[in-house]
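The values are calculated or read from the model by the stated rules, or taken from the named source; none is laboratory data. Owing to the predicted nature of the structure, the values given are computational and were not obtained by experimental measurement. Note that we place each Cβ from the backbone using ideal geometry, even for glycine, and neighbour counts take in every protein chain shown.
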Amino acid sequence: MRAKDRRGGEGEIGRALSNRGAGTFSLSLEDRICYSFDATDIRSLPAAVAWPTRTAEVAAAVLAAADCGVPVVPRGAGTGYTGGSVPLAGGVVISLERMNRVLLLDPRRRLAVVEPGVVNETLRARAGALGLTYPPDPASLLVSTIGGNVAEGAGGPRTVLYGATGAYIVGLEFVLHDGTVASTGLLRTRTQSVWDAGPALVGSEGTLAVVTRVALRLTELPEARATFWIEFAALERAAEAVAAITASGLPVSVLEIMDRETLRCSLEYVRGGPVPDSPESALLVEVEGASASVAGAGERLRALSTERGATVFREATEAADRDALWEARRAISPSLARFGVGKLNEDIAVPRSAIPSFVRALESIGREADLPILSFGHAGDGNLHVNVMVDRSDRDAMRSARRAIGRIFEAARALDGTLSGEHGIGITKAEHLTIELDETAVAANRAVKRALDPRGSFNPEKILTARANPWWAGLAAPGGDAGEAPDAH
């Protein structure tokens, strides 16, 4: 139900936010439109947007929404690919962008305490100045926030060696549905403590609570790092090399795979012009750690790659060369717009040994759907970003694309994979979630939701509470009103 339809509408929500002391907020159409969407094409207007600057104001906004019987949708930078921060049921969007302080950096304890609006790269830079690092580095690290990373359980290229966001959380502060402020781990106090809810909140996509403070474990910067670019004549050969490299025991911190069309789009985007000699596939590999363990990695990598048919093997010995390789990798997602059509972006994860089989399945599904399917991603931990390129204004093409997505999910599950490596479920994958979770798992997750959020206040119509109708049904109707959710909702 739209927030403006509930108990007095937007005027009442504004009064409640003001009376509760929720800090800065807006009811203007312009502001509401700006917070009605994320990186998907799904849009739905909230009734209000609040910008708290401290935990007490978050709690006040939650209570104000409860006063009016409307939901709360926590929001980070809005870079999500599954519609997780889209306010489908209206209500109050709580944007945490102004809670952006690094509260503590303790090099002795290798500890950081930050507010949720801190940008990932900001924390990395601040820690780097002290000889430390925060390893999780999603491709959106220049804009995505720590709060969003926690909500999605974000990973990144270095997950293969260091693990994802959840591995670094050592304490959380968060606001519950009734405005209670709770804390866990290193942030726990004598008067504010609950069980360690970290594992439940990481990856919960804002459906259980609003995270307001995060304590994170930092690590030392590696002694040495080496970066390699390896090209192959076929994507399947590159996938075979991935399996061999990950089984080699080398201290691989990055192992990214890219197919031909992905490489072409990215290189053209970076270079500003056509790239006639784009390789069929490539790997971006980094090894890091103690100097002794890195020193001989190049020759071992060369041998493993040559045995799998590598056509080019290059080590980036200069910082500028390394930066150029990373620029091409991080430009992939925005560069796919050069393909000329829209895309459906999925982040499948399969066991690393199954990557060659999954690549073959993708090629078959693409041929049957008669749609280009581009793939790249964090092959080191089996997380592949699969992009079905489709004109979203074409209903028939969208139906074909969604059938292809369903087959891709089934292929991943058949290989003991998962529907999401780091993007979450949100809206876009909710209709497929039962492919992965059986009735017992679904019931357990719903029980957790009811226990922590009995009124269903936080980010409704996401994950297990999403409606059965497909989210994309309204996307093929051009010229839709950005102020309304798609008809399917």
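Matching residues to (1) at pLDDT 90 or above; (2) over 29 Å from THR133 (Cα atoms); (3) assigned by TED's automatic domain parsing to the domain that holds THR133:
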| residue | (1), (2), (3) |
| --- | --- |
| GLY272 | no, yes, no |
| ALA292 | no, no, no |
| ALA297 | yes, no, no |
| ARG314 | yes, no, no |
| Within segment 304-319, is there a residue that is surrounded by 16 or more Cβ atoms within 10 Å (Cβ to Cβ) and under 24 Å from LEU419 (Cα atoms)? | no
| request: Quickly run through segment 107-122 and pick out the residues that are buried (at least 24 other Cβ atoms within 10 Å of the Cβ) and more than 13 Å from GLY148 (Cα to Cα). | output: ALA112
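Is it the case that GLY421 is modelled with pLDDT under 90 and touching a strand residue (DSSP E or B) at 6+ places or on another chain (Cβ under 7 Å)?
Working: modelled with pLDDT under 90: yes; touching a strand residue (DSSP E or B) at 6+ places or on another chain (Cβ under 7 Å): yes.
For GLY421, the condition - modelled with pLDDT under 90 and touching a strand residue (DSSP E or B) at 6+ places or on another chain (Cβ under 7 Å) - is met.
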| Given the structure, is ASP31 more than 20 Å from the chain's Cα centre (by Cα), surrounded by fewer than 24 Cβ atoms within 10 Å (Cβ to Cβ) and either within 26 Å of VAL181 (Cβ to Cβ) or charged (D, E, K, R) (or both)? | yes
| remark: GLY206 meets each of (1) buried (at least 20 other Cβ atoms within 10 Å of the Cβ); (2) of a type in the set (Gly, Ala, Ser); (3) within 30 Å of PRO356 (Cβ to Cβ) with one exception, condition (3)
| message | Can you confirm whether THR53 is over 20 Å from LEU208 (Cβ atoms) and among the β-branched types (Val, Ile, Thr)? | response | yes
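Yes or no, residue by residue, for (1) in a strand (DSSP E or B); (2) more than 26 Å from the chain's Cα centre (by Cα); (3) at pLDDT below 95:
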site	(1), (2), (3)
VAL211	yes, no, no
VAL214	yes, no, no
PRO222	no, no, yes
PHE228	yes, no, no
GLU231	yes, yes, no
ARG237	no, yes, yes
GLU240	no, yes, yes
ALA243	no, no, yes
GLY249	no, yes, yes
| task | Check off (1) free of Cβ contacts under 8 Å to residues at least 12 places away in the same chain; (2) part of a loop (DSSP other than H, G, I, E, B) for ALA125 and give me the number that stays unchecked. | result | (2)
| said: Checking the condition part of a helix (DSSP H, G or I), over 20 Å from the mean Cα position of the chain (by Cα) and not polar (S, T, N, Q), which residue from GLU431, GLU327, GLU368 passes? | reply: GLU368
| Say we look at segment 147-161 and pick out the residues that are within 23 Å of TRP326 (Cα to Cα) and hydrophobic (A, V, I, L, M, F, W, C); which of these is nearest to the chain's Cα centre (by Cα)? | ALA154
| Does segment 254-281 hold any residues that are under 18 Å from VAL359 (Cα atoms) and in a loop (DSSP other than H, G, I, E, B), and which are they? | PRO279, GLU280
| task | Please indicate, with yes or no, whether at least one residue in segment 399-410 is at pLDDT below 95, outside the structural domain of SER333 (by TED's automatic domain parsing), crowded, with 16+ Cβ neighbours inside 10 Å and not in a helix (DSSP H, G or I). | result | no
| said: Any residue at all in segment 342-362 that's within 23 Å of ALA154 (Cα to Cα) and in contact with a Phe, Trp or Tyr (Cβ under 6 Å, 6 or more places away or on another chain)? | reply: yes
